[in-house]
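What follows is one structure encoded as structure tokens, with my remarks underneath.
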Amino acid sequence: MRFRILLPYLLTSLITIALLWLTQIPLGVEGEWTWHRIPFAAAEMIPGWIVSAIAFAVYLLLTLIALSRMPDCRWYELTVWLTGLTAAAGLWSLLLQDSPPGEYRLSKAAFVLYYKGSSGYFTQAQTEISDATQFLSEYEAKMEQGDVLHEGTHPPGLPLFYLTLIRLCEKYPALQSFLVDMQPASFQEAADVIEGMTSRSKHPLLPRDRAVLWLATLITLSMSSLTVVPLFLLAREFSSRAVSWQVAAFWPLIPATLIFQPKSDALYPVIAILFLYLWVTACRRNNLICAFLAGLLIWGGLFLTLAFLPVGVCAACFFILQLWPRLTGSRQAPPAWKTLALTGFSGLAGFCLPALILAAVFDLNLLRVWYLNFQNHVGFYSEYTRTYWKWLLLNPLEISLALGLPVSWMVIRSLCFQRRISAEQANCSTRSSLKAFLLSCGMVLMLLWLSGKNMGEAARLWLIFLPWLLLMTIPYWQRIHDIQAGEKLQASSFLKMQTVWIIAVTAQAVVCVATVTRITGFHFPPG
């Protein structure tokens, strides 16, 4: 193997370690927002690194065996491999999150979900919501109060999510007991601290609340791990099974997916990518059912957070880029533009139907709620000063570190390829759709960056978009497959053919461990 192939991954790993561990350079803009470094504690960190190394070795072995089976496996075997990848991602996440020292382990989950300073939706459901119908009917008036933090800048989905978990644990005591008993020691210790601090308050921490906090943690972690499935399926729309697997296997190794557990931001990527998969499938195959389901899904996402608005814009851009050649009579596009337009209307129907039901049943004008959420978010920057030009320069580096520099380098390398997918590997329609999709993602990300909407915490707030950047690596891996096919290396050993991928995924794992055990994503007083 040529050294120049190894060099970028070696450099990106060393740069990450040097920046995070060997310097005290502020990770942000001092006086406005910075990410904090976790103090080094060898007695606690080194055992965690050893466990992480073993866990990654198992993960790499699983993904390699599955990769070797991709060209020949049937759909049921593929289902098994995707299930195994999801389970391995969840296990890796649990083990790595419990490797930092002290209060930075899974104990952080209880503090993050309980205290209003870092989340607040559980506390809102616990203390303020007695009736869901009344809560929804009064929500618009609540948003008019102008809160610029969590409650005022979000639709009502998250408080209702926690209210549902509370009701579930109240209705099924056996489930509550099971959840309390299965909590790891670090989480239990954090819950004990909260219980002690709230014992004399109006709303003390109950066993039910312990169960709810742990259940929310498990749901968020599971949904984050499950992102690999729609990510694989969406990549499969544009590339081979092998390339799609190579891309999807990087998701559990993205540092931001672990640092920000169990914030709701980690819950969003699976919903967003599943929506895009359904929408791309609907547009490419004129599938009205997929379009309707995609509409329902983007409505559900926007019921949770306005972060799904750019996801919807990306889908709209893709739709326009797919429709444009048909409207202009391009010879390369089939003339059935009316069918594609019908697909668009089906998606719009899926989006509007639940919004109309909410308006009719609960007297909730969701459009006005979204408008007020947006206005309140604008008000945040009036109260908390941010310097636009500083964040404009810093955000690309912040996102690169959140993604992992090895993957960031692959994105840049992919963008440098003029011929993204060879004619031997994909037909003209697939090449055109991939270009349209990547162009849509790129335009939305560029507009978000220039808008200055994420001046601080972009690594967390952009978590929903990080799968897009993984999909941008498809041309990189497709190019490697094309070169191997052109040089007729199919007869070589499987491991030799996957050398570049093995090095890349190993470098990404090193960066992931180095970042997760060094950076904390939350600002709250420990213990």
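The values are calculated or read from the model by the stated rules, or taken from the named source; none is laboratory data. No experiment lies behind these values; they were computed from the predicted model shown. Only protein heavy atoms, including side chains, enter the accessible area calculation; ligands, DNA and RNA are left aside. Shrake-Rupley method; radii C 1.70, N 1.55, O 1.52, S 1.80 Å.
Quick notes
- Met143, Met197, Met223, Met446, ranked by accessible area, largest first (probe 1.4 Å): Met197, Met446, Met223, Met143
- Put Ile320, Ile503, Ile129, Ile17 in order of accessible area, highest first, and with a 1.4 Å probe you get Ile320, Ile17, Ile503, Ile129.
- Probe 1.4 Å, all protein chains present, accessible-area order of Lys142, Lys116, Lys390, Lys496, largest first: Lys496, Lys116, Lys390, Lys142
- For the chain, the solvent-accessible area works out to 44 Å² per residue, with a probe of 1.4 Å and every protein chain left in place.
- Structure-derived P(r) over Cα pairs in 20 Å bins from 0, in percent: which label, when the choices are (i) 19, 50, 26, 5, 0; (ii) 21, 56, 22, 1; (iii) 18, 39, 23, 11, 7, 1: (ii)
- The chain: DSSP helices with Cα axial extent of at least 27 Å and average Kyte-Doolittle hydropathy no lower than 0.5: 42-69, 75-97, 207-226, 308-327, 337-362, 428-451
- Helical contribution to [θ] at 222 nm, DSSP H n ≥ 4, -39,500 (n - 2.57), averaged over the chain, rounded to 500: -22500 deg cm²/dmol
- The figure for Leu461 is an accessible area of roughly 50 square angstrom, using a 1.4 Å probe on the protein chains alone.
- Solvent accessible area, Å² - Met497, 1.4 Å probe, full protein context: 50 Å²
- When the surface is traced with a 1.4 Å probe over the full set of protein chains, Ile519 keeps roughly 20 Å² accessible.
- Solvent-accessible area, 1.4 Å probe, carbon plus sulfur percent, for the chain: 66 percent
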